[in-house]
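Undergrad: Following this message is one structure expressed as structure tokens.
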Amino acid sequence: MSDLKVTLIQTQLHWEDIAANLRMFDEKINSIGERTEVIFLPEMFSTGFSMQPERLAEKMDGSAFQWMKQKSAEKNVIIAGSLIIEEEGQYLNRLIWMLPNGTYGTYDKRHLFGYAGEDEHYHPGDKRLIAQVKGWKINLTVCYDLRFPVWSRNTIQPDTQAPAYDLLVNVANWPERRSTAWKTLIQARAIENQCFAIGVNRVGNDGNNIYHSGDSSLIDPMGEIIYRKSHDEDIFTYTLQREKLDEIRKNIPFLKDADAFTILPKA
């Protein structure tokens, strides 16, 4: 299997201004000077982490979705990030995995952040999305999901005898006041699931004057920090090495010793 080149974009966001954020990300993606294969954007990248879905939600054919589709095709790159989406009368914090040919996958955030009232405005998802590209299986999660390890648990698949996924991605608007948890949990998820892990966070103050230090991270399957950026905007591109992942799993095959379990629907 091949290596995979990924790009993380850590940036400030224009509060509840879809058009301004799309222009900003357009410029940032245009500035990437090297070839990359997947670009990861923060949670609610077109608005910031807003509890105003009644004003800001778009349909799946809205401007942010169309921008993702057009930009992905223009740059021949996969783009992933979450948006505020309205569907069948429900508001969703929906991560979209957009391919250059216009096809896409979706993941609706399962764990809604009750401390900020997210559960009062948005509907939770109940299905994981494990996307695939170049033989890599990628488990896509959103912000608060990071605190719930069972939802991210990697397992050996009985049909293939291979792990369910190779890369865990979490896109977030995670405040600095809880940055210790953010940095610790993204490392823990990489170690316990024997995978690469990527956390893509925003920086700066949001519309509620809550500061975000970013701390976007790329962690290897042993928990070593390959990349971490705090406070400043940054665009980081890195090649994930398939041989390194396979060698670690071969030499330390502990996933086969994990407990069996079943994830049940929320009550």
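Coordinate-derived values only; no laboratory data. Keep in mind the model is a prediction, meaning the values are calculated, not measured. Neighbour counts run over all protein chains shown; Cβ positions are idealised from the backbone, glycine included.
Undergrad: Nearest 10 degrees is fine. How inclined is helix 18-30 to the longest principal axis of the chain, computing both from alpha carbons?
TA: With rounding to tens, the tilt is 50 degrees.
Undergrad: Using a/c under 1.5 as the rounded threshold, could you call the stretch 148-267 rounded, prolate or oblate? The axes a ≥ b ≥ c are square roots of the C-alpha gyration tensor eigenvalues, and prolate needs a/b larger than b/c, oblate otherwise.
TA: Cα axes put the stretch 148-267 in the oblate bin.
Undergrad: Tell me the net charge near residue 213. Cut-off is 11 Å between Cβ atoms, residue 213 excluded, with +1 for each Lys or Arg and -1 for each Asp or Glu.
TA: Charge balance in the 11 Å sphere: +3.
Undergrad: Turning to a different aspect of this structure: Would you mind ranking 189, 177 so that the residue whose beta carbon has the fewest other beta carbons within 10 Å leads the list?
TA: 177, 189
Undergrad: If each residue's Cβ is checked for other Cβ atoms within 10 Å, how do 18, 32, 9 rank with the fewest at the top?
TA: The order, fewest Cβ neighbours first, is 32, 18, 9.
Undergrad: By count of other Cβ within 10 Å, fewest leading, how are 218, 95, 8 ordered?
TA: Ordered by Cβ neighbours within 10 Å, fewest first: 218, 8, 95.
Undergrad: Okay, moving on. If you add up the charges near residue 156, with Lys and Arg at +1 and Asp and Glu at -1, over every other residue whose beta carbon is less than 15 angstrom from its beta carbon, what do you get?
TA: The answer is -1.
Undergrad: Mind pulling up the Rg/Rh value for the stretch 4-257? Radius of gyration and Kirkwood radius, both on Cα.
TA: Rounded to two decimals, Rg over Rh is 0.94.
Undergrad: Let me ask something else about it. Of all DSSP beta bridges located in the chain, what percent are antiparallel, nearest 5?
TA: That works out to approximately 70 percent antiparallel.
Undergrad: Here is a further query. What 222 nm value per residue comes from the helices of the chain, counting each DSSP H run with n ≥ 4 as -39,500 (n - 2.57) and dividing by all residues, nearest 500 deg cm²/dmol?
TA: Computed mean residue ellipticity for the chain: -6500 deg cm²/dmol.
Undergrad: Tilt of helix 242-251 relative to the longest C-alpha principal axis of the chain, in degrees (0 to 90, nearest 10)?
TA: Computed tilt is about 40 degrees.
Undergrad: Have a look at 96, 156, 84 and tell me which one the Gaussian network model of the chain (Cα, springs below 10 Å) gives the largest fluctuation.
TA: Evaluated over the chain, the most mobile residue of the options is 156.
Undergrad: Between 0 and 90 degrees, rounded to the nearest ten: what's the tilt of helix 179-193 against the longest Cα principal axis of the chain?
TA: Computed tilt is about 40 degrees.
Undergrad: I'd like to know which of 168, 139, 154 lies farthest towards the positive end of the charge dipole of the chain, counting +1 on Cβ of Lys and Arg and -1 on Cβ of Asp and Glu.
TA: 154
Undergrad: Compute the separation of the alpha-carbon centres of the stretch 180-259 and the stretch 1-48 and state it in Å as a whole number.
TA: 17 Å
Undergrad: Still on this model: If I build a Gaussian network model for the chain, linking alpha-carbon pairs within less than 10 angstrom, which residue out of 106, 239, 11 has the largest mean-square fluctuation?
TA: Highest fluctuation of the listed residues: 239.
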